[in-house]
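J.: My structure is below; once you've seen it, I'll send some questions.
The values are calculated or read from the model by the stated rules, or taken from the named source; none is laboratory data. These numbers were taken from a predicted model, which means no experiment stands behind them. Because the Cβ atoms are built from the backbone with ideal geometry, glycine has one as well, and the counts that use them run over all protein chains shown. Remember, those area values only see protein heavy atoms, side chains included, never the ligands or the DNA or RNA. Shrake-Rupley method; radii C 1.70, N 1.55, O 1.52, S 1.80 Å.
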Amino acid sequence: MVETQTFIEEAELLVEELIDVEEYELVVFNDEVNTFDHVIKTLIKVCEHTPEQAEQCTMIIHYKGKCTVKYGSRTKLKPMCQAILDAGIQAAIV
């Protein structure tokens, strides 16, 4: 009985992963409030960007108005998006 339950649990996890395979974008938007330094530090901490990646994304955000900073499943991006929002930076999953 235990083996059957374990098998069912594993199958349910695989189904959840298959459902959430669509790739989404985590987009950060420009504002007139946050400093370059704050955005860079946030991207390094939340998205695990290198300092160079974070600086490049921040420049794109500043000059283009927005930048996709991460790709992935909605499940993966949701806590990252919330952490960026909590830092006072505008972001959305699209």
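Residue-by-condition table, conditions (1) of a type in the set (Ser, Thr, Tyr); (2) under 12 Å from the mean Cα position of the chain (by Cα); (3) open to solvent by less than 70 Å² (accessible area, probe 1.4 Å):
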site	(1), (2), (3)
His62	no, no, no
Gly65	no, no, yes
Thr68	yes, yes, yes
Gly72	no, yes, yes
Ile89	no, no, yes
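J.: Exactly one condition in (1) in a strand (DSSP E or B); (2) free of Cβ contacts under 8 Å to residues at least 60 places away in the same chain; (3) of a type outside the set (Val, Ile, Thr); (4) crowded, with 19+ Cβ neighbours inside 10 Å is not met by Cys57; state its number.
T.: With (1) in a strand (DSSP E or B); (2) free of Cβ contacts under 8 Å to residues at least 60 places away in the same chain; (3) of a type outside the set (Val, Ile, Thr); (4) crowded, with 19+ Cβ neighbours inside 10 Å applied to Cys57, the lone miss is (1).
J.: Using beta carbons and a limit of 7 Å, which pairs, at least six apart or on different chains, have the first residue in the stretch 62-87 and among the basic types (Lys, Arg) and the second one surrounded by 15 or more Cβ atoms within 10 Å (Cβ to Cβ) and assigned to a helix (DSSP H, G or I)?
T.: Lys70/Cys47; Lys70/Leu77; Lys70/Met80
J.: Might you check whether a residue that is on the phi < 0 side of the Ramachandran plot and in a helix (DSSP H, G or I) occurs anywhere in the stretch 24-35?
T.: So the first thing to find is which residues in the stretch 24-35 are on the phi < 0 side of the Ramachandran plot, and the list is 24-35.
Next, only the ones that are in a helix (DSSP H, G or I) stay: none.
No, the stretch 24-35 contains no residue that is on the phi < 0 side of the Ramachandran plot and in a helix (DSSP H, G or I).
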